[in-house]
1. Report, for the protein assembly as shown, the % of DSSP beta bridges that are antiparallel, rounded to 5.
2. Taking the mean number of other Cβ atoms within 10 Å as a proxy for protection, how do you rank A:61-70, A:299-308 from highest to lowest?
3. Once you've got the GNM for chain B with C-alpha springs shorter than 10 Å, pick whichever of B:L179, B:L32, B:L14 has the biggest mean-square fluctuation.
4. For A:S118, list long-range residues whose amide hydrogen, built 1.01 Å from N in the peptide plane, is under 5 Å from its own amide hydrogen.
5. Would you tell me the mean number of C-beta atoms belonging to other protein chains that fall within 10 Å of each C-beta in B:201-207, as a whole number?
6. Could you size up the charge dipole of the range A:443-509 around its Cα centre, putting +1 on the beta carbon of Lys and Arg and -1 on that of Asp and Glu, and report it in debye to the nearest 20?
7. In the range A:72-101, which GluC sites (Glu not before Pro) are in a loop and have at most 12 other Cβ atoms within 10 Å, using DSSP for the loop call?
8. Summarise the partner chain shielding of A:141-148 as one whole number: the mean count of Cβ atoms from other chains within 10 Å of each residue's Cβ.
Amino acid sequence: MANASRLRLEGVSKSFSTVRVLHGVSFEVAAGEVLGIVGENGSGKSTTMNIIAGVLAPDEGTMTLDGREFTPTNRRAAEKAGIAFIQQELTIFPNLSVEENLLLGRAPRLSAALPFISQKQRRVRAMELLRAVGLEVNPGTPASRLSTGERQLLEIARGLSIDARVMIFDEPTTSLTNKETERLFTQIDRLKASGLAILYVSHMLNDILQLSDKLLVMRDGRVIFHGPKADMTQERLIVAMVGRTIDALFPPSRETVAKREENPLLELRGVSELEIVEDIHLKVSAGEIVGISGLMGSGRSELARIIFGLDPHQQGHITAKGTSLTSGDLGARLHSGMAFLTEDRRHEGLMMDASAAENMALAALPLFSSSVYTRLRTAALKAALQEMAGMLRLKCDDIETSPVRSLSGGNQQKIVIGRWLLCRPKLLILDEPTRGVDVGAKEEIYALLAALVAQGKGILVISSEIEELTGLCDRILVMHRGCIVSEFSRAEFNQKKILSAAFGRMEAI
Amino acid sequence: MTIKSIVQILTRILRWSPLLFLGIVAIIFAGLSPRFFTIGNIQAILVQSSWLAIVALGMNFVLLTAGVDLSVGATMYLAAVAVSLIVPAAPIWIVVLVAALVGAIFGGANGLFVVRLGIPPFVATLATAFVGRGLGLFFSANHVLNAGDHLAAVGREFWLGVPVVIWFAVAGALVSLTLMRALEFGSFVRAIGADHEGARRAGVPITRVTWSVYVLAGAFAGIGGLISLAQTASVSPAFGLNAEFLAIAAAVLGGTSLFGGRGSVWGPIVGVVLITTVQDGMALINANPYAYPVTTGIVIFIAVALDSLRSRLNTRVERKRIRVVEPVSA
């Protein structure tokens with residue numbers, strides 16, 4: 001059925017500052033069809049979906065919806081045109097009730113002429129939508145009482161409330177239980193039968209193969225495969241997803257120099273925090289890179305925050321070189337030579353309008369002055385900053401005047417790394433160190449990390465790119481729903497096995 | 001008992017803390033003075049509360065969007081000067097209209113700076129506060145203006161056995177309640193306060209709503225100024241001075257968060273009554289007048305401390321959960 005395409009993209013391209021993230025993406029989806037979209041993190045899936053939903057504007061290329069040109073200027077315009085976007089990043093307002101969230105801006109009115117809400121009709125409509133996704137809560141409860149999975153269902157219900165022609169699901173099942181997922185799939189089948197075009201983005205290859213009529217595989221901002229599901233298997237999908245030759249990107253593989261130490265740089269024994277992580281054991285010794293893999297929402301970033309003392313933990317022990325670190329004591333961690341690069345450098349890491357030098361100097365200022373009230377040893381600081389800029393191969397006209405905002409993502413990331421390196425840390429915790437960084441800068445960052453461990457530092461790196469971890473690490477721990485589910489040593493590295501462990505399936509795909 | 005359930009119980013208690021706090025203060029003063037729990041005194045407290053209640057209800061909208069309006073005191077002054085000069089003898093409904101209009105225009109200017117020019121509300125309204133007071137001083141030529149007799153009468157008269165000024169406060173509360181509960185405006189305001197960027201993505205008309213809250217704060221402050229004028233019967237250059245801080249304190253005491261998104265309509269009213277009760281009680285026990293500002297300061301301090309405790313508990317409750325315990329029933 002359905003020959004005419006409902007939504008068609010032709011040659012859509014997009015760049016963020018200097019980094020090109022989409023290179024002429026073209027595909028189409030027909031009414032009554034499910035297009036499964038797969039690709040690694042950073043392959044451009046989310047950017048493409050954001051362009052369709054009107055959140056981002058394409059630099060080049062055209063979109064047509066039911067044969068007519070489609071250029072949404074914002075999310076609202078796209079919704080009016082019939083695009084429902086169910087996002088992975090939830091936009092649930094915790095201070096609003098479930099029904100307010102569901103029908104925000106679209107609440108039924110008492111009469112067409114007056115703006116008064118019909119509480120009764122809203123309640124009825126909300127109940128219908130909640131029943132459709134199988135979320136059994138009172139529509140009047142504050143959304144803050146919902147669990148992550150329930151919020152995801154709420155987000156889906158909100159998508160259903162839009163009178164849509166195209167529905168985009170971006171990783172809708174990451175926090176759902178099996179039962180909830182099944183119910184969602186029944187709902188998707190029903191929507192498909194009613195003539196909607198569905199774009200389904202997911203890392204869950206089984207789901208994709210089960211649901212889709214056609215497949216789209218993306219890699220590095222390009223479409224690698226677009227066609228009927230036919231004889232695609234999980235094997236072939238994974239090959240298409242990760243198929244690039246990547247050997248050149250990583251430093252030559254090193255001998256593991258780490259020794260089994262009595263007192264490792266970092267040790268976690270049975271660390272737990274209610275509803276966040278459970279019974280985490282891990283060790284990082286001098287001279288090794290340990291990786292943590294896992295899907296978004298698996299608790300990897302939360303674990304990093306607990307280790308660094310930004311969030312508390314209830315049970316278990318964290319020690320650095322044998323010294324016990326109490327829950328939430330950031331100062332003790334800094335003192336023990338620990339450094340942490342957050343995944344969100346724009347909000348948590350960098351002062352965008354300050355210069356590279358100011359940003360890098362920030363954490364190291366105490367080293368260049370004997371107390372808060374004495375003068376800073378400016379000359380020594382300047383020299384150290386210049387040396388660091390050279391070591392990082394920072395591409396920046398003048399590190400003391402150009403604002404960080406004007407630099408590329410890769411150079412911004414180098415500055416955050418430089419800030420912590422100036423403090424001469426013993427242990428570095430890096431959360432997504434190469435997110436939004438172009439390939440050239442990635443290579444330089446990898447080389448830098450290899451050099452650092454060669455000097456005897458320890459590194460704990462969290463990444464959603466498995467190839468990054470297999471290229472860099474001595475050991476990889478895989479997290480799934482707040483637990484470490486398996487550990488791989490360098491000899492056992494296998495992208496497929498790591499990926500399936502991250503999905504919570506222990507058997508090989 | 002798990003930590004989680006303790007947190008939940010605490011959050012629930014804190015929700016009712018404004019009333020609880022008011023009850024405690026009332027009981028203390030009742031113990032200190034036999035005249036406290038008399039109908040006359042309670043009515044006096046409500047009458048004294050009414051103007052501030054109206055101003056605080058307007059401020060409440062702005063606070064809910066995570067903004068602030070430091071110019072409401074100046075708006076009160078400007079509106080009071082305007083009605084004294086422009087419509088000294090007009091019928092009362094025209095006077096009310098003029099006061100609201102002057103306030104709304106002033107609030108509209110605040111909204112312009114915040115929405116169109118992107119100036120942080122704190123700075124924008126701090127500047128307009130000085131401008132407003134300056135304009136008021138200019139038009140009144142630095143004189144004390146007296147309210148007309150019919151206006152002063154509003155401050156004394158009763159309707160259905162209840163002082164008219166209290167009816168004004170009740171009307172303000174009803175308008176607030178309608179905007180916050182019966183219209184989508186309320187959901188929009190709280191959505192913006194909780195997550196500005198998220199609200200934009202969810203398609204909330206941010207510009208229009210943000211502008212409206214400043215216009216509302218201005219209009220409410222204008223009427224609050226009028227009621228205060230009816231009670232004091234004259235406008236001195238210090239009229240409405242520091243009213244913005246009392247209004248903010250009252251809203252926060254009533255559970256409105258300075259971080260935005262959280263608050264009710266009844267909360268600020270309870271907050272205002274609480275502040276007035278403290279002042280009234282101090283007078284009843286013949287406390288040293290110099291102790292009034294100190295006590296008010298302590299009350300405000302407690303309010304802000306409560307707010308940060310509340311928001312800290314909320315971040316705990318709202319933290320992302322990764323290990324969702326699957327329901328046992330299958």
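1. Here the antiparallel bridges make up roughly 55 percent for the protein assembly as shown.
2. Peptide ranking by packing, descending: A:299-308, A:61-70.
3. With Cα springs under 10 Å in chain B, the top fluctuation among B:L179, B:L32, B:L14 is at B:L32.
4. Long-range HN contacts for A:S118: A:R109, A:L110.
5. The mean count of partner-chain Cβ atoms within 10 Å per residue comes to 5.
6. The calculated dipole for the range A:443-509 is roughly 280 debye.
7. Of the GluC sites (Glu not before Pro), the ones in loops of the range A:72-101 whose Cβ has at most 12 other Cβ atoms within 10 Å are A:E89.
8. Working: counts 0, 2, 2, 5, 3, 2, 6, 5.
That works out to 3 on average.
The numbers here are math on the coordinates, done by the rules we state, and not lab data. Small disclaimer: the values here were computed from a predicted structure and weren't measured. When we count neighbours, we look across all protein chains shown, and the Cβ atoms used for this are built from the backbone with ideal geometry, even at glycine.
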